[in-house]
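Sharing a structure here in structure tokens format.
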Amino acid sequence: MLRFFDYFLAAALLQNVVLMTGFGSSVLIKSSKKRTNILPFTTLLCIFTTLTVIICYPLDNLIGTGVLAKWLRPLMIIAITALLYIVAVLILYNKFPSLFNRIKRLVPVAAFNNLVIGIAIIINHQFAVNLPGAIGLALGTCAGFLMLSWLTTEGIERLDNPDVPKAFRGLPSVLLYLGILSLALMGFSGSVSILQ
Amino acid sequence: MGQGNNRLSKTLNEMKDTFFDSFLAKNIVLVQAIGISPILAAGVTLKNGVVLTLCTAAVLIPASLFMSLFGDKLPAWVRPPIYTVGAAAIMLGAAIFIDRVISHELYASLYIFIPLTAVNSLVSYRAGGFSVSHEPVIALTDAVASSLGFGLVICVVSGLREIAAYGTLWENPLNFSVVLSEASLPYAAFLLLGFMAAFLQWLTSVIGQKLAKN
């Protein structure tokens with residue numbers, strides 16, 4: 001259980017996955033443009049990330065560590081995410097049709113992105129971590145994504161300002177803002193990452 | 001005959017506009033903020049940049065063509081798993097090819113990032129979005145231009161980071177006395193991308209003003 005909290009806190013606070021690895025940076029910038037999207041998008045992201053990690057964890061042990069397993073592992077993870085996506089759409093469509101209509105554009109983006117697949121690959125490839133630790137890392141990653149989304153939305157709103165030189169307005173200033181946040185976080189937590 | 005010529009010239013113009021937009025004017029990375037993750041995470045050497053550009057093209061071109069031909073016949077919610085699993089299968093082939101034919105070291109350094117190309121937002125936004133509503137020839141043009149636009153950015157960022165972090169370019173030593181190893185961290189790529197996006201914004205604004213005067 002200690003592992004769960006270790007990885008949760010590390011991923012959520014100290015070593016934000018988006019800023020330390022770059023995973024999910026495009027979806028972060030897209031989802032942060034609209035404040036009302038942040039919570040539903042991160043909830044979906046959290047469901048897909050955590051379930052993918054939970055399902056892949058025992059399968060990863062089953063397929064072993066041979067060359068063929070190494071080649072096939074990413075395809076297995078993506079196929080599992082695809083199955084989870086289909087199940088999620090069917091449940092939402094049949095049981096919660098009005099909710100599905102509101103969030104149907106967010107579901108595929110939340111399922112198929114670098115963050116969901118990247119975390120599952122990292123856990124299986126690089127970590128000698130137990131299942132609670134893996135779940136902690138997945139949940140912590142999503143908590144970190146949520147916090148960074150809010151920070152990015154605030155940044156986008158404040159940087160939409162006539163004082164910003166014209167060439168830097170919009171995306172350039174957002175990228176520089178994220179770069180400075182990443183640099184600050186690295187200064188805070190050190191350059192030795194649990195995620196690299 | 002005249003109608004045929006008009007249609008051909010309209011298609012050629014559309015191809016030209018699509019290519020110019022996706023490659024430069026509305027560059028997929030620097031304007032549309034798509035496909036940033038691999039640049040931040042793996043764009044640390046020029047070799048990585050070139051390999052990831054080729055992987056992106058290998059996924060995006062067939063996925064865009066497929067979605068342009070059959071995308072509108074499929075329900076919208078079914079499309080993402082189809083092109084993503086298809087892209088992952090292509091990346092499996094690419095991984096085996098790189099590991100066995102090119103270099104095992106290169107494969108080991110890109111082990112995580114080659115399969116991630118299949119879920120790159122570039123594929124979902126261009127193949128899953130743009131291509132479905134466009135003719136195959138336009139979708140193909142967009143896929144080639146998007147791959148080249150992505151390639152241009154990742155190669156510039158990777159090359160600069162390799163020079164700064166390791167003092168080499170394409171693994172050839174440049175004999176610099178100062179090496180900034182932190183340049184391989186994601187913050188350096190964020191900052192470089194920010195300045196490159198600002199430069200492109202300035203350039204398009206200057207060109208736009210000159211064209212408006214003429």
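Throughout, read-outs are computed from the coordinates displayed, never taken from laboratory work. Keep in mind the model is a prediction, meaning the values are calculated, not measured. Virtual Cβ from ideal backbone geometry, glycine too; neighbours counted across all protein chains shown.
No partner Cβ under 4.7 angstrom, meaning no disulfide-compatible partner by this rule: which Cys of chain A qualify?
So, A:C56.
Provide the gained length on full extension for the span A:V164 to A:F5, in nm with one decimal, where the gain is 0.36 nm per separating residue minus the Cα-Cα distance.
Working: separation 159, 0.36 × 159 = 57.24 nm, distance 4.08 nm.
Once the chain is fully extended between A:V164 and A:F5, it gains 53.2 nm.
Give the Rg (one decimal place) followed by the Dmax (whole number) of the protein assembly as shown, computed from C-alpha coordinates and expressed in Å.
Calculated on Cα positions, Rg and Dmax stand at 21.1, 76 Å.
Which whole-angstrom value gives the distance between the alpha carbon centres of the stretch A:98-160 and the stretch B:78-153?
Using only Cα atoms, the two centres lie 21 Å from each other.
Enter the mean projected area of the convex hull around the alpha-carbon atoms of the stretch A:2-189, in nm², rounded to one decimal. Each step should come with its number before you reach the end.
On the way: hull surface 48.9 nm².
So the Cα hull casts an average projection of 12.2 nm².
Taking every pair of Cα atoms in the stretch B:31-213, average 1/r, invert it to obtain the Kirkwood radius, and report Rg/Rh to two decimals.
Values: Rg = 17.9 Å, Rh = 17.5 Å.
Ratio of gyration radius to Kirkwood radius: 1.02.
What does the extension gain come out to for B:V50 and B:L211, with contour length at 0.36 nm per residue minus their alpha carbon separation?
Numbers: separation 161, 0.36 × 161 = 57.96 nm, distance 3.39 nm.
Gain on stretching B:V50 to B:L211: 54.6 nm.
May I ask for the net charge around A:S173, where only other residues with Cβ less than 12 Å from the Cβ of A:S173 are counted and Lys, Arg are +1 while Asp, Glu are -1? Walk me through the numbers before you get to the answer.
Numbers: positive: A:R158, A:K166, A:R169; negative: A:E157, A:D160, A:D163.
Charge balance near A:S173 sits at 0.
Here's a follow-up. What is the set of long-range amide H partners of B:L169 at a cut-off below 5 Å, with H atoms built 1.01 Å from backbone N?
Those qualifying (amide H under 5 Å, at least 5 residues apart or on another chain) are B:L174.
Then there's this: Given the rule -39500 (n - 2.57) for each run of at least 4 DSSP H residues, summed and divided by the residues of the protein assembly as shown, what is its mean residue ellipticity at 222 nm, to the nearest 500 deg cm²/dmol? Before the final figure, lay out each step's value.
Numbers: 18 runs with 288 residues, N = 410.
Result for the protein assembly as shown: -23500 deg cm²/dmol, rounded to the nearest 500.
Given A:K166/B:K213; A:K166/B:K10; A:K33/B:K213; A:K33/B:K26, which pairs have Cα atoms separated by over 24 Å?
Values: A:K166/B:K213 20 Å; A:K166/B:K10 34 Å; A:K33/B:K213 34 Å; A:K33/B:K26 18 Å.
As for pairs spanning more than 24 Å Cα to Cα, those are A:K166/B:K10; A:K33/B:K213.
Okay, moving on. Sorted by packing (mean other beta-carbon atoms within 10 Å per residue), highest first, where do A:170-178, A:95-103 land?
On the way: A:170-178: 23.0, A:95-103: 12.0.
Packing order, densest peptide first, comes out as A:170-178, A:95-103.
What is the average number of partner chain Cβ atoms found within 10 Å of a Cβ in B:109-116? If you can, show how the numbers build up before the last one.
Values: counts 0, 0, 7, 10, 4, 1, 9, 9.
Per residue, the average neighbour count from other chains is 5.
Another question, if that's okay. Among all stretches of chain B without exposed chymotrypsin sites (Phe, Trp or Tyr not before Pro) (DSSP loop, at most 15 other Cβ atoms within 10 Å), which one is longest? Kindly include the intermediate steps, with their values, before the conclusion.
Numbers: sites that count: B:W170, B:F176.
Longest gap between qualifying sites, sites excluded: B:1-169.
Could I ask something else about it? Within 10 Å of each Cβ in peptide A:78-86, how many partner chain Cβ atoms are there on average? Round it to a whole number, please. Mind dumping the intermediate values first?
On the way: counts 12, 5, 0, 5, 6, 2, 1, 4, 4.
Mean partner-chain Cβ count within 10 Å for A:78-86: 4.
How shielded is B:23-34 by partner chains, expressed as the average number of their Cβ atoms within 10 Å of its Cβ atoms?
2
Exactly which GluC sites (Glu not before Pro) in the stretch B:80-185 are in a DSSP loop and have at most 16 other Cβ atoms within 10 Å?
On the way: sites: B:E105, B:E162, B:E171, B:E182; in loops: B:E171.
Passing sites in the stretch B:80-185 are B:E171.
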